[in-house]
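Single-structure report; data block below.
The values are calculated or read from the model by the stated rules, or taken from the named source; none is laboratory data. Bear in mind the structure is a predicted one, so any value in this text is a computation, not a measurement. No Cβ is skipped: glycine too gets one built from the backbone with ideal geometry, and neighbour counts run over all protein chains shown.
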Amino acid sequence: MSKYDTDETCWLEVGWRIADHENDTEEPATTTPNDKSRVITKPFGYISHLTYLETIYLQYYVERGSKLLANLENEENPLRSLLIPRAHSSPLLMNALCALSAIHLANRTSDSLYAQTAAADYYIQTMRGVRTALTERSADKFPEDALLSVALLCKFEIVRGSVRQWTVHLNALGKLLLSRGGFDSLSQDTADFLRGLFVYGQNLAKLTNPKLITAALSNLSHAEITRLDIYVGYTERIIKLCARIADLPLLCADPVALGLEIHAIDESLRNWTKYLPSYIIPKGTTEENLTRLRMVAECFCDAAYIYLHSTLERMMRGPTQRASPIWTSFVSLSKRVAVERCLRSIRSSPLDDHCEYSALTFPLFITGCECEEAIDRELIMQSLTQLEINFGIGNVKRAKELLNILWAGEKLHWLDVLEHLKWDLILT
């Protein structure tokens with residue numbers, strides 16, 4: 001059992017509040033070293049109540065981590081504007097923030113053992129702090145700083161490259177939010193941040209684990225976003241449609257309902273730009289930011305079409321055919337055209353370290369699953385590697401590993417391979 005798992009039993013000690021789970025035993029992911037990354041060796045100055053290490057990891061988080069762990073950077077980035085002031089008055093949240101900062105730094109440096117050790121220590125302290133908060137307060141009075149800490153634990157596991165443990169934290173966050181009364185029970189800035197994180201995480205998680213979202217959590221994952229979010233960007237409508245695609249197998253017994261749902265999804269994807277909400281734009285967001293967000297959303301739309309075709313094809317395979325080939329004719333954009341469009345967008349974009357591009361893991365992976373030509377596969381792998389180097393997110397490494405398994409073996413659907421591996425891959 002890894003150091004990250006030694007204290008995870010705290011979730012089980014609070015009974016119904018937290019979901020049952022299996023131990024997460026995979027090794028921590030290590031990403032390609034980035035020699036250009038800036039390693040903090042001296043803190044920028046002490047804050048009286050912080051330790052030396054806290055000051056180091058807080059500085060790294062302020063200067064680099066918070067800018068690379070979001071899909072949109074601006075002056076009002078809540079990873080700084082919300083979390084840092086709260087962390088100064090909450091040892092629990094400071095531990096969670098330092099854990100995230102340390103694991104991200106470890107992913108971006110060649111000499112990462114020290115940062116990995118610090119990340120594990122902060123992670124364990126955070127888990128213990130959450131356990132204490134759960135035992136001292138009833139679930140409906142669970143403090144906001146503890147909720148934010150659970151959210152950062154989920155982000156920690158995604159950065160680390162976990163293929164199981166992140167689901168435990170995401171489900172725990174959802175149950176705690178419900179126990180508190182939902183997003184409306186929180187202060188506005190906390191609600192905005194957690195709403196975006198949860199909507200983005202839950203809807204994309206459903207693609208690789210369709211059973212993840214329970215009926216109780218469904219309302220949270222469908223919450224409406226009013227402010228341009230650092231994770232969701234312009235993809236809100238598309239990722240919610242992807243979650244509906246994941247549910248299509250549930251309609252196999254009712255051909256009429258299945259046909260209507262496929263038609264509705266296709267129409268919504270075809271017209272997604274017409275229904276784009278008028279989001280409140282955070283201060284400091286430039287037109288260049290918005291242009292990159294639109295490019296990312298267009299890739300998401302192409303990926304959603306690919307995912308739709310892939311889901312219908314999987315439903316048509318196997319000993320118990322659960323769908324008719326006629327259903328693919330309901331989709332206005334062919335899989336081949338969607339793949340070509342996404343590849344064309346990737347080829348025409350620099351994929352530099354502008355953080356909007358960090359959201360491209362999902363479209364790159366889904367497109368890669370359908371690529372047959374070596375030149376296209378090479379583009380997908382090079383692009384994912386560039387994301388891995390630029391942003392230091394471990395789940396990109398896992399996506400690459402799965403693609404290599406798919407490309408090297410017999411032609412299987414990627415969901416079948418995930419089931420065989422017992423992976424809960426997250427494509428955020």
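When segment 324-339 is filtered for residues that are surrounded by 13 or more Cβ atoms within 10 Å (Cβ to Cβ), over 18 Å from E267 (Cβ atoms) and over 25 Å from the mean Cα position of the chain (by Cα), only S324 remains.
One residue stands out in segment 407-417 among those that are surrounded by fewer than 19 Cβ atoms within 10 Å (Cβ to Cβ) and in a helix (DSSP H, G or I): the one that is nearest to the chain's Cα centre (by Cα), namely L415.
Kindly indicate whether any position in segment 350-369 is charged (D, E, K, R), under 24 Å from E236 (Cβ atoms) and out of contact with any strand residue (DSSP E or B) (no Cβ under 6 Å at 6 or more places or on another chain). The answer is yes; a qualifying residue exists. As a summary of the residue check, T385 satisfies the conditions (1) in contact (Cβ under 8 Å) with a residue 60 or more places away in the chain; (2) closer than 23 Å to A70 by Cβ; (3) surrounded by 17 or more Cβ atoms within 10 Å (Cβ to Cβ); (4) not aliphatic (A, V, I, L, M) except for the one numbered (3).
The one condition from (1) of a type in the set (D, E); (2) in a helix (DSSP H, G or I); (3) free of Cβ contacts under 8 Å to residues at least 60 places away in the same chain; (4) touching a helix residue (DSSP H, G or I) at 6+ places or on another chain (Cβ under 9 Å) that E378 does not meet is (4). Would you confirm whether any residue within segment 230-245 is at pLDDT 95 or above and over 30 Å from F330 (Cβ atoms)? Among the residues of segment 230-245, at least one is at pLDDT 95 or above and over 30 Å from F330 (Cβ atoms), which makes the answer yes. Taking the conditions exactly as written (without any contact (Cβ under 8 Å) to a residue 24 or more places away in the chain and at negative phi), does A133 satisfy them or not? No; evaluated as a whole, the condition is false for this residue. Tell me, which residue of segment 381-400 that is over 17 Å from the mean Cα position of the chain (by Cα) and not aliphatic (A, V, I, L, M) is nearest to I239 (Cα to Cα)? It comes out as S383. Output the residues belonging to segment 342-375 that are part of a helix (DSSP H, G or I) and surrounded by fewer than 18 Cβ atoms within 10 Å (Cβ to Cβ). Within segment 342-375, R344, S345, R347, A374, I375 qualify.
The criterion of at least 1 residues that are of a type in the set (K, R) is met, among helices (runs of 4 or more DSSP H) falling completely within segment 197-281, by 236-246, 255-270.
Note on segment 99-140: among residues that are charged (D, E, K, R) and out of contact with any helix residue (DSSP H, G or I) (no Cβ under 6 Å at 6 or more places or on another chain), the one that is surrounded by the most Cβ atoms within 10 Å (Cβ to Cβ) is R108.
Residues checked against (1) modelled with pLDDT of 95 or more; (2) among the hydrophobic types (A, V, I, L, M, F, W, C); (3) closer than 22 Å to R180 by Cα; (4) not in a helix (DSSP H, G or I):
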{"residue": "N95", "(1), (2), (3), (4)": "yes, no, no, no"}
{"residue": "T109", "(1), (2), (3), (4)": "no, no, no, yes"}
{"residue": "Q125", "(1), (2), (3), (4)": "yes, no, no, no"}
{"residue": "R128", "(1), (2), (3), (4)": "yes, no, yes, no"}
{"residue": "L134", "(1), (2), (3), (4)": "no, yes, yes, no"}
